[in-house]
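The values are calculated or read from the model by the stated rules, or taken from the named source; none is laboratory data. This is a predicted model, so every value here is computed, not measured. Cβ placement follows ideal geometry from the backbone for every residue including glycine, while neighbour counts extend to all protein chains displayed. Keep in mind that these areas ignore ligands, DNA and RNA; they rest on the heavy atoms of the full protein, side chains included. Shrake-Rupley method; radii C 1.70, N 1.55, O 1.52, S 1.80 Å.
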Amino acid sequence: VQLQASGGGVVQAGGCLRLSCAASGSDDGTVAMGWYRQAPGKEREFVAAIRWSGGSTYYADSVKGRFTISRDNAKNTVYLQMNSLKHEDTAVYSCAAKTAGWSPVSAPSYDYWGQGTQVTVSS
């Protein structure tokens, strides 16, 4: 499975962006996808995740109420709508996919990772 993230860019604080992550390649039963981010000098942190079947979602407290994760099963694509962006949201955002279980926050539980897309929020 290959994951291609896109949609990053530079935006002013208070603005919005929508990230996309398209999955392609062999269909080995993806059950959930998630978004992580890593800011310079900081560890990678969980942002949001969504179950492929049913659409259950889970968010980090830092983005709850501002970010929305969604998916389009037909397009094998997951989205991250980011509203009310803050300077501290600046990071490289990466998407990931897992083929078993529902441990949305656990990075090691994801089987596939895409390259990151840079999001820069200017204050």
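Quick notes on this structure:
- Calculated FRET value between T120 and A22, using beta carbons and R₀ = 30 Å, to 0.05: 0.85
- Heavy-atom accessible area, probed at 1.4 angstrom with all protein chains present, ranks D111, D89, D61, D72 as D61, D111, D72, D89, highest first.
- Note on the chain: dipole from Cβ charges, positive end direction compared against V63, S84, V121; the farthest Cα belongs to S84.
- The accessible surface of the chain, taken with every protein chain in place and a 1.4 Å probe, is 47 percent carbon and sulfur.
- Subtracting the Cα-Cα distance of Q12 and Q81 from their residue separation scaled by 0.36 nm leaves 23.3 nm.
- Cβ-Cβ FRET estimate between Q2 and S103, R0 fixed at 25 Å, reported to 0.05: 0.65
- Length released on extending from D111 to K42, taking residue separation times 0.36 nm less the Cα-Cα span: 22.6 nm
- Taking the Cα centre of segment 44-123 as origin and assigning +1 to Lys and Arg Cβ atoms and -1 to Asp and Glu Cβ atoms, the resulting dipole is close to 160 debye.
- Residue among F46, A97, V31 farthest towards the positive dipole end of the chain, charges placed on Cβ: F46
- The chain, accessible area per residue, ligands and nucleic acids excluded (1.4 Å, Å²): 50
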